[in-house]
Amino acid sequence: MLSSLRFRYRRWAGIREASAGLTAASHDERALIEELRAGCRALPVADTNGRTPNEADWATAMNRLRHLALHADPRAFLRWDVIVERMAVRHSPLTPIELAALQARPDWESRWRRAIRECEAGRPFRYAGWPDSSEPLIQTAYTLARLEALAGRPVSQWDAVVEFGGGFGSLCRLMHQLGFRGRYVIFDLPPFSLLQRYFLRSAGVLREADDRIVLTSDLSELERLVAALPPSAWSVFVACWSLSETPLALRDRIRSLVERIGRYAVVYQERYGEVDNVDYFATRWLTGTRHTQPIVHRGGDHLLVGSAP
């Protein structure tokens, strides 16, 4: 009982800390907050019973995100526990390594330095080693730089992106910082799709009546969107540590969509739960042209870029 009370207090204190120092919301901010909350109120509480450990874990995360969106100030969502634990980790030993790699690139000054400049949407923690940015954004930029190099074309020359599992929308914003102006589709769990809309609108990336960016949790809609991509478009399916966390049955369904898209850029961990991802992507993924690189400092994670046959 005492440990449960301590756990609840830490979570309550975390909400208080995240919201500390925020000024009164403006009219536009209140409108975005209410839009997010209305969407979350319409979502049912996810059932965690009878699910695999991975499914139960993400159902718990969805419920926590829904609760926080309804009861905490979304203007500081990047300080919420469910976000920090899963996609905005602080004090990571990876950050200085990946920042140094970005700074060593010949296009650091011309592209990446500006691209990793943080905005205030979500109230990100600034990185002490580079206060213009944050750890999550630096790590996202490092990953994108390596994927872009393997793809052989800068994102400003990509016509369409279909991202599987978009976090809170950071990669989408970063690509737009780098000059991407095509169709961008993110497929994710319902509460995260709502959060992505909130973040991208708060950051000025997604504007009213802008149909270039589509956020969906409906697999049938995703299939329709993929089918509508022009065959001549330079389209890329992107999944950063997301596809490799999903059940095999869903991966197989997504794989058929990737065949239609034509190109893919995937980052995966060697193992997730009972699944050997190295074996999966070697034997059950698409054949055709492919390039694989290990991310040595990340304990053996892998980059995989290729095109369908």
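The values are calculated or read from the model by the stated rules, or taken from the named source; none is laboratory data. Note that the structure is predicted; figures quoted are calculated from it, not measured. Don't worry about glycine lacking a Cβ; one is built from the backbone with ideal geometry, like all the others, and counts go over all protein chains shown. Calculation scope for accessible area: heavy atoms of the full protein, side chains included, ligands and nucleic acids excluded. Shrake-Rupley method; radii C 1.70, N 1.55, O 1.52, S 1.80 Å.
Based on alpha-carbon positions alone, could you give the equivalent ellipsoid semi-axes of the range 112-178 from the gyration tensor, as √(5λ), descending, whole Å?
They are 21, 13, 10 Å, listed from largest to smallest.
Enter the accessible area per residue of the chain (Å², integer; probe 1.4 Å; all protein chains in place).
It amounts to 48 Å² per residue over the chain.
Per-residue ellipticity at 222 nm for the chain, helices alone: DSSP H runs ≥ 4 residues times -39500 (n - 2.57), over residue total, nearest 500 deg cm²/dmol?
That calculation yields -14000 deg cm²/dmol at 222 nm.
Angle between the Cα long axis of helix 94-103 and the longest principal axis of the chain, 0 to 90 degrees, nearest 10?
The angle comes out at about 50 degrees.
Have a look at the DSSP beta bridges in the chain and tell me what percent are antiparallel, nearest 5.
Counting only bridges with both partners in the chain, antiparallel ones make up about 45 percent.
Among D276, D188, D159, whose mean-square fluctuation peaks in a Gaussian network model of the chain (Cα, cutoff 10 Å)?
Most flexible of the set in this elastic network: D276.
Could you give the angle, 0 to 90 degrees to the nearest 10, between helix 2-19's Cα long axis and the longest principal axis of the Cα atoms of the chain?
On a 0 to 90 degree scale, this one is about 80.
Show me, bin by bin at 5 Å from 0, the whole-percent P(r) of the range 217-290 based on Cα pairs.
3, 14, 27, 26, 16, 10, 3, 0
Just to be sure I understand: with springs between alpha-carbon atoms less than 10 Å apart, which residue in P191, P106, P96 has the highest mean-square fluctuation in the Gaussian network model of the chain?
P106
What's the angle, to the nearest 10 degrees (0 to 90), between helix 53-71's Cα axis and the longest principal axis of the chain?
50
In nm, what is the difference between 0.36 nm times the number of residues separating R284 and R260 and their Cα-Cα distance?
Extending this stretch completely gives an extra 7.0 nm.
Within the range 279-305, find all residues whose amide N lies under 15 Å from a label point positioned 7 Å from the Cα of E223 along Cα-to-beta-carbon.
none
Please report, as a whole percent, how much of the solvent-accessible surface of the chain comes from carbon and sulfur atoms (probe radius 1.4 Å). Mind dumping the intermediate values first?
Details: 7760 of 14700 Å².
Roughly 53 percent, rounded to a whole number.
Tell me which of A38, P124, S307 sits at the most positive position along the dipole axis of the chain, charges placed on C-beta atoms (Lys, Arg +1; Asp, Glu -1).
Value: P124.
Once you have the Cα-Cα distance between T216 and R105, take 0.36 nm times their residue separation minus that, and quote the gain in nm to one decimal.
The span from T216 to R105 would gain 36.5 nm if fully extended.
For the range 96-253, give the share of DSSP beta bridges that are antiparallel, in percent and rounded to the nearest 5; count only bridges with both residues there.
Here the share of antiparallel DSSP bridges comes out near 5 percent.
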